[in-house]
Amino acid sequence: MKESGCVKVERRVMEPGKLALKYHPFYKGKIQVTLKCSVRSYDDFAIWYTPGVAEPSREISRNPDLVFEYTNRGNTVAIISDGTRVLGLGKIGPEAGLPVMEGKSLLFKYLGGVDAYPLVINIHDPDRIIEFVKALEPSVGGINLEDIETPKCFYILEKLREEMSIPVWHDDQQGTATAVLAGLINALKLVGKSFQDIVVALIGAGAANIAIARILFKAGVDPGKMRVVDSRGVLHQGRSDLEKIKESNPWKYELALKTNKDGVQGGIAEALRDADVVIGMSRPGPDVIKKEWISGMADDPIVFACANPVPEIWPWDAKEAGARIVATGRSDFPNQVNNCLGFPGIFRGALEVRAKTITDEMCIEAAREIARVAEEKGLREDHILPTVEEWEVFPREAVVVGMKAIEQGVARLKMSREELYDRSVEKIRNARETVRVMMEEGLIPPPPED
């Protein structure tokens, strides 16, 4: 009996999970601490530890900025999560979130050459999380917030960006927004539309879409031409629950005031009517977005259905309904909108110039560079974004991010584009080569056979 397309997709969805349950206990996790200095003999311990280490410590006490020269702080990021919104799993707790944060560490290192350490915390009060993260500042060059529920994730990010002098980033917000913008830049080129003229429907009003809205406004989208749909329908100024939203989620409230100048009411169907673009960051599908709603969009509609593991609408259904370009969050379909395209290169650039923050403008520059990499390889309806295998995207991002930080006055170091590129390539290549050599030497054993 021949398998249906849906059954084949389901098998593909299940296979990584089955292997993950086999591989994770085999390796006992995905990361470890190893050395980056030489140990020629036990005599070197006197240099790297006591008594020799006292001398760099004295120098740092006189000039704290030397910590970036004498330690690994400048290449260190802490990945912070309280386990309240882990991937598509929800509030599963910090322990259950740890495998995900280790995976994030792996991506930081292999793709960006960044040493990122997972710190899952049993703290859920936002002010206590802020206090904890601020206390880490002397040890790290940056903070990556991950999988923290809304709306507290907005408050935590804003306060930490205000009060810390190192980059603080929430990948569910800034990372997703960067990847979406990169894909949308090229999708609009293919359909011959501009940011200024499009009507955009955002399905979902969580961390991702609220940040996407902010970035799209800065990229040129007219806020009045955006329609945002939450679980109760389209946001508009006449909503009966607006005062409640103002109290519980001022970030969503601001969107309700700023968007939907035509006062569209209803649900997803009404939001999509005559829209040029739909960006789904909601619950897993299919059938969250229906084919007939895609058919009611403007000419050459662009559909980003990014829910995982199943998009809001299957790509083939969206295409049958008239979508010109379809993107999802999955690697086994064309046009994957993947945060991994953003954060490794963005942090690489920010850390190289010792940036004090990561601005929205730095994210926009990164998105433009991601889009350029794909365009240079040839834009097609099924190729609007590069893949993570095209490793050159990461040092190129690092360059534009670092240069924008210098231009905006948030970088502690100034360097040329060439120097920034060479330093980024060296660190990324070193990370990849270290894994390759360790695998060849058997220090990282092959995974168990199926």
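The values are calculated or read from the model by the stated rules, or taken from the named source; none is laboratory data. Just so you know, these numbers come straight off a predicted model, no measurement behind them. A quick note on method: Cβ atoms are made from the backbone with ideal geometry, for glycine too, and the neighbour counts reach across all protein chains shown.
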* Give Val234, Val200 a once-over and let me know the one that is under 24 Å from Gly183 (Cβ atoms) and over 23 Å from the mean Cα position of the chain (by Cα). => Val234
* **Check on Phe304, under 22 Å from Gln174 (Cα atoms), under 15 Å from the mean Cα position of the chain (by Cα) and either at pLDDT 95 or above or buried (at least 24 other Cβ atoms within 10 Å of the Cβ) (or both)** => no
* Asked: If you go through the range 219-243 one residue at a time, how many are in a helix (DSSP H, G or I) and touching a Leu at 6+ places or on another chain (Cβ under 9 Å)?
  -> 3
* Structure fact -> Expected output for the range 426-450 (first residue within 19 Å of Gly112 (Cβ to Cβ), partner of a type in the set (D, E, K, R) and part of a helix (DSSP H, G or I), Cβ below 6 Å, 6+ apart or cross-chain) is Ala431/Lys109
* Looking only at the range 307-339, and only at residues there that are surrounded by fewer than 22 Cβ atoms within 10 Å (Cβ to Cβ) and of a type in the set (D, E, K, R), the one that is farthest from Lys225 (Cα to Cα) -> Asp332
* **Hits in the range 394-442 - residues which are over 26 Å from Thr359 (Cβ atoms), over 24 Å from the mean Cα position of the chain (by Cα) and of a type in the set (Lys, Arg)** => Arg436
* Would you be able to tell me the number of residues in the range 414-424 that are buried (at least 16 other Cβ atoms within 10 Å of the Cβ) and either closer than 18 Å to Gly141 by Cβ or in contact with a strand residue (DSSP E or B) (Cβ under 6 Å, 6 or more places away or on another chain) (or both)? => 4
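I'd like the full set of residues that are hydrophobic (A, V, I, L, M, F, W, C) and outside any loop (DSSP other than H, G, I, E, B), limited to the range 296-330.
Here is the first cut: in the range 296-330, the ones hydrophobic (A, V, I, L, M, F, W, C) are 297-298, 302-307, 310, 313-314, 316, 318, 321, 323, 325-327.
Those that are hydrophobic (A, V, I, L, M, F, W, C) and outside any loop (DSSP other than H, G, I, E, B): Ile302, Val303, Phe304, Ala305, Trp316, Ala318, Ile325, Val326, Ala327.
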* Could you list, in sequence order, all residues of the range 242-257 that are touching a Phe, Trp or Tyr at 6+ places or on another chain (Cβ under 8 Å) and over 19 Å from Pro126 (Cα atoms)? => Leu242
* **Enumeration of residues in the range 272-292 that are in contact with a Phe, Trp or Tyr (Cβ under 8 Å, 6 or more places away or on another chain) and either hydroxyl-bearing (Ser, Thr, Tyr) or in a helix (DSSP H, G or I) (or both)** => Leu272
* To do: Run Ala269 past the list (1) assigned to a helix (DSSP H, G or I); (2) under 30 Å from Glu15 (Cα atoms) and report the number of the one that doesn't hold.
  => (2)
* Structure fact -> The lone condition Lys319 fails out of (1) among the basic types (Lys, Arg); (2) within 15 Å of the chain's Cα centre (by Cα); (3) closer than 27 Å to Glu15 by Cα is (2)
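Considering each residue of the range 79-116, count those that are part of a helix (DSSP H, G or I) and over 20 Å from Asn430 (Cα atoms), and give that number.
The first filter runs over the range 79-116 and keeps only residues part of a helix (DSSP H, G or I), leaving 94-112.
Subsequent filtering for residues that are over 20 Å from Asn430 (Cα atoms) retains 94-101.
Of the residues in the range 79-116, 8 are part of a helix (DSSP H, G or I) and over 20 Å from Asn430 (Cα atoms).
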* Regarding Pro16, is this residue assigned to a helix (DSSP H, G or I), at pLDDT 95 or above and not acidic (Asp, Glu)? -> no
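Which of the residues that make up the range 324-377 are on the phi > 0 side of the Ramachandran plot and of a type in the set (S, T, N, Q)?
First, pick out the residues of the range 324-377 that are on the phi > 0 side of the Ramachandran plot: 335, 354.
If the condition is that a residue be on the phi > 0 side of the Ramachandran plot and of a type in the set (S, T, N, Q), then Asn335 is the only one that fits.
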* Structure fact -> Checked Gly378, Gly342 against criteria (surrounded by 21 or more Cβ atoms within 10 Å (Cβ to Cβ) and either of a type in the set (Gly, Ala, Ser) or in contact with a His (Cβ under 9 Å, 6 or more places away or on another chain) (or both)); the one match is Gly342
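Working carefully through the options Val388, Val401, find the one that is surrounded by 13 or more Cβ atoms within 10 Å (Cβ to Cβ), at pLDDT below 95 and either touching a His at 6+ places or on another chain (Cβ under 7 Å) or within 23 Å of Glu365 (Cα to Cα) (or both). Walk me through it before giving the result.
On the way: Val401 fails: at pLDDT below 95.
Matching residue, one of Val388, Val401: Val388.
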* Using beta carbons and a limit of 6 Å, which pairs, at least six apart or on different chains, have the first residue in the range 33-61 and at negative phi and the second one assigned to a loop (DSSP other than H, G, I, E, B) and at pLDDT 95 or above? -> Ala46/Gly52
* Structure fact -> Listed by range, helices (runs of 4 or more DSSP H) wholly within the range 331-450 having at least 3 residues that are under 30 Å from Lys28 (Cβ atoms) and in contact with an Asp or Glu (Cβ under 8 Å, 6 or more places away or on another chain) are 343-352
* **Number of the condition not met by Ser240 [criteria: (1) without any contact (Cβ under 8 Å) to a residue 24 or more places away in the chain; (2) closer than 24 Å to Gly192 by Cα]** => (2)
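Each row is one residue, and each column tells you yes or no for (1) modelled with pLDDT of 95 or more; (2) under 14 Å from Asp360 (Cα atoms); (3) among the basic types (Lys, Arg); (4) surrounded by fewer than 24 Cβ atoms within 10 Å (Cβ to Cβ).
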| residue | (1), (2), (3), (4) |
| --- | --- |
| Thr150 | no, no, no, yes |
| Lys159 | yes, no, yes, yes |
| Met164 | yes, no, no, yes |
| Pro167 | yes, yes, no, no |
| Val180 | yes, yes, no, no |
| Gly183 | yes, no, no, no |
| Ala187 | yes, no, no, no |
| Ser194 | yes, no, no, yes |
| Asp197 | yes, no, no, yes |
* Asked: Across the range 85-109, which residue is surrounded by the most Cβ atoms within 10 Å (Cβ to Cβ) among those that are under 27 Å from Val435 (Cβ atoms), hydrophobic (A, V, I, L, M, F, W, C) and out of contact with any Ser or Thr (no Cβ under 8 Å at 6 or more places or on another chain)?
  -> Phe108
* Asked: Do you know which residues across the range 105-143 are of a type in the set (D, E, K, R) and either in contact (Cβ under 8 Å) with a residue 60 or more places away in the chain or touching a His at 6+ places or on another chain (Cβ under 6 Å) (or both)?
  -> Lys109
